[in-house]
Structure formats: C-alpha cells, structure tokens
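The values are calculated or read from the model by the stated rules, or taken from the named source; none is laboratory data. Note that the structure is predicted; figures quoted are calculated from it, not measured. Here the Cβ positions follow ideal geometry from the backbone for every residue, glycine too, while neighbour counts run over all protein chains shown. These accessible areas exclude ligands, DNA and RNA; they are computed on the full protein's heavy atoms, side chains included. Shrake-Rupley method; radii C 1.70, N 1.55, O 1.52, S 1.80 Å.
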Amino acid sequence: MENTELKQKFAELYGEGEIRLFAAAGRVNLIGEHIDYCGGKVFPAALNLCCTVAARKNNEKKIRLAATTIEDKVTLDLGKLDSYRDLPWGAYQAGVAYIMAQEGYEIVGCDLLFDCTVPFGSGLSSSAAIEVATAKTLAVFSEEAGGKSADNPTLAILSQKAENEYTNVACGIMDQYASACGKQHRAMLLDCKTLECSYVPLDFGEYTLVIANSNKRRSLQEGKYNERRAECEEALAILQKSLPEATCLADITPKDFKKASKALSPVLLKRARHVVTECARVKEAAEALEKGKVKAFGKLLNESHFSLRDDYEVTGKELDALTEYSRNFKGCIGSRMTGAGFGGCTVSLVKTELVPAFIDTVGKAYESAVGYAADFYTTTIEDGAREVL
Ligand code: GLA
C-alpha cells in the first residue's frame, strides 16, 4: 500500500492528526541456512517487501493494533503485557512491547496500523519485519519520552528475544538482524557468533536472483524448527568430548568433524554434518562472489539445498520440486530453498534475459506437479529499520 493511502486508512481508523511511519524489511537468505543458531556465518539481504507501521502516541496506557490486510483489532493494556501470548494476531507486537518494558524502555501508549507486504509464512521473515518495525516505533517513542533509545542491532536483539521468550520459537538472530540492519543494494555477511557484519555489494553479472514462493504454508514448522535446534545442541555436547575447544558447531572444521563424528547417532550425524558443511559453503560462496565467480556461487546454492534435503530434512516435496524444475531450466545456474524450510520460498540464479521464460516454464511444471501455482517476485534490496520521513 502507498504511504498516502496508509495514512488515510490510519486517519479513518484512529482520527486525524500527526501520523508517523516506521518500517522494517523482510529478508532473503542467499546461503547459510539453519546455522545462525549454531554460531555460523549467514548471507542474507533486506528486501523491499517490508512491514510499514503508521503510528501516533495516544496518551493512554494502551497500544492499539490493527492491520491493513486482516480484520483483527487488538488492544494491549500496558499493565498486562505478559498476557497476550496466545493471540492469533498481535502476539509478535505484544512480545516486543513486553520484552522492551522488561529491558527498561519507556513504553508509550500508541495507536498502530500495520501494512505488511512480506507474504506470511513464506520464509521471507514477515514475523521479523513485524517485530523489528514494532521495536523501532516503540524505541523512538521511548527516547522521545526521555527513556532509553535503541540502535538497529539492539532492535534486532530485542526482537529475537521476544520471539524466543514470548512466542517460544527458538529462532536465531539472522532474520531480525537482516530486517533491522540491512543496507540498500548490499547483502550482509553476518557472523552470528560475534554479530560482526560486513556488507557486500550484490553483483551477479548477467544473472538475476529470482525468488519463488512455493505457496506451501509451513504448518508444524515451529515444532520441527525447535526440534532441529535441540538436535544440534545434543550433537555439539557429544562432539565437545573430543573437541573441547569448540564452543559451537560452526567452530568445527570439516576435517575435525570427520574424525569426531563417529560418536554421533545416524540422525545427529546428519544434522551436524549439514551445519559443518553449510558453514564451509558460506565461506566459499562469499569468496566466489568477491571474485565474480557467479557459476561457482550457483553450484553452492544447489549443494546447500541437497544438504538441507538429505541431511537436515527441512525441505519437503514442494521445495524439492520447485528447485529441481528451476535447476533443469537451461539458464538457471543454482537453486535452493531459503528460510526455515518445510514450505515457503526458493532462490534461483537465472540468466537475466531468460527470467520471463524461467517463470513461465518452472511455474507451469510446478503447478502441474503439485496442483497449485507458485508466485515469483521481483524484489530489490533495500535498507532495514527506519523512520520513513
Ligand atoms: C528461520 C529463523 C532463522 C534461521 C532460519 C534458517 O528463518 O528465524 O533464525 O534459523 O530459519 O536459516
């Protein structure tokens, strides 16, 4: 929705007056999947698909929430922020307000209208965009009320904490960090152990990055997600017996892993092998991109998908079909699932002039195989959290 239309909708809902706009981005992850919570380096970028919040302080002890795309309206009582965990919609915002209040921010009553263009459940982090946009709004209002302020990395940490502790998803830091700290035209090489982040100009030469949504919704995803994270922790504890210097799975080199992995059960071996090999692929991918070796980068995308399919087991038939049809297309040099998996989106590198033919061919093959269509997005890489002035 255009910003003027959003402001108009806000005025219809909450009345005329000053209206501020805050935004945070959805993200796509190029490579480095399911390793952020193992201390690995990931390679995401912030998208123009984003969550925009129209906002105004209301001088009450309440935060009112509404959205442009759903009917639900929610009022959060600032004295009872702990009690909204089970809301069908609004729990992400409540969680952020709750965590920020706990961390000593001055939570100011306000009216908020959310407009989120990141497709829900697509693996492009609509939840992080909502959390970070909420955190940005509340942090600016806190500072204006004489309370604490927060820079963008802090917004990411607060938002992740809300998701971990309030909505009980044991997610890593990647999504919230990309949503908060992304930069236009740049991907981010983020070390999830130290939170050091370097920005890399994204240039795929004669290829274009195409995002496709399998439109398979991720039911049960959260349960499986937490299960994978627990399996990684179990594997680490066993590996540390012979590799005591490793503080996380990402510390373990492929060579050391080969020796130490004999102690793991078949399932834990596969999970940990994905993490160790994916960390190595990120390193290679960043080097390949730096040297302009786009085909090598594409090959790593394929290998990442195979590892997520065979070792980490988070793909599913829809994502496997979509990436396979993509790979079979002659102008495509690499394709993989992106995000948590089980459904959601893929990324593919496609010869730029062949993108329309790619969308047509892959779209038709996918639809006839699974019975419903995929969506293809033309996106750009934009800034993370900001007040829209
Ligand atoms: C979800 C989580 C992230 C990350 C990815 C998988 O998007 O929120 O922290 O673990 O899955 O890479």
For residue 27, enumerate residues with amide H under 5 Å from its amide H, sequence gap 5+ or separate chain, H modeled in the peptide plane. 47, 125
Give me the accessible area per residue for the chain, probe 1.4 Å, as a whole number in Å². 42
Rounded, prolate or oblate: pick one for region 162-297, where a ≥ b ≥ c are the square roots of the eigenvalues of its C-alpha gyration tensor, a/c under 1.5 means rounded, and failing that, prolate if a/b is larger than b/c, else oblate. oblate
Of 166, 120, 349, which is farthest along the charge dipole of the chain in the positive direction, counting Lys and Arg as +1 and Asp and Glu as -1 at C-beta? 349
Per the 1/(1 + (r/R0)^6) rule, R0 = 25 Å and r from the Cβ atoms of residue 357 and residue 185, FRET efficiency to 0.05 is 0.45
Percent accessible area from carbon and sulfur atoms, the chain, protein chains only, probe 1.4 Å: 50
Separation of the residue 206 and residue 227 label points, Cα + 7 Å toward Cβ, nm: 4.5
Diffing region 126-134: the Karplus 3J(HN,Hα) column from phi (6.51, -1.76, 1.60, θ = phi - 60°), in whole Hz with x for Gly and Pro, holds 5, 5, 5, 4, 5, 4, 5, 5, 5
Working with all protein chains in place, sort 107, 211 by solvent-accessible area computed with a 1.4 Å probe, largest first. 107, 211
Free-standing Cys residues across the chain, given no other cysteine C-beta under 4.7 angstrom: 38, 50, 110, 171, 181, 192, 197, 232, 248, 279, 332, 345
Please work out the FRET efficiency for the pair residue 73 and residue 2, using the Cβ-Cβ distance as r and a Förster radius of 22 Å; give the result to the nearest 0.05. 0.50
Distance in Å, no decimals, from the C-alpha centre of region 222-297 to the one of region 17-48 is 22
In degrees, nearest 10, the alpha-carbon axis of helix 355-370 is tilted away from the dominant principal axis of the alpha carbons of the chain by 90
Suppose we keep just the DSSP beta bridges with both residues in region 45-166; what percent of those would be antiparallel, to 5? 70
At R0 = 30 Å the Cβ-Cβ FRET efficiency linking residue 61 and residue 389, nearest 0.05, sits at 0.60
Could you give the length gained on full extension between residue 290 and residue 18, defined as 0.36 nm per residue of separation minus the Cα-Cα distance, in nm? 93.3 nm
Ranked from highest to lowest mean number of other Cβ atoms within 10 Å per residue, what is the order of the peptides 246-257, 303-314? 303-314, 246-257
Can you run phi through the Karplus equation (6.51, -1.76, 1.60; θ = phi - 60°) for region 278-286 and list ³J(HN,Hα) in whole Hz, with x for Gly and Pro? 5, 4, 5, 5, 4, 4, 5, 5, 5
In nm, what is the difference between 0.36 nm times the number of residues separating residue 48 and residue 330 and their Cα-Cα distance? 98.7 nm
Cross-link list 291/364; 9/62; 183/283: which exceed 28 angstrom alpha carbon to alpha carbon? 291/364
So how tilted is helix 221-239 from the main axis of the chain? Cα-based, degrees 0 to 90, rounded to 10. 60
I want to make sure I understand the PRE zone here: with the label point 7 angstrom from the Cα of residue 256 toward its beta carbon, which residues in region 273-290 have backbone N atoms less than 17 Å away? 273-281, 283
Helix 3-14 sits off the longest principal axis of the Cα atoms of the chain, rounded to the nearest 10 on a 0 to 90 degree scale, by 50
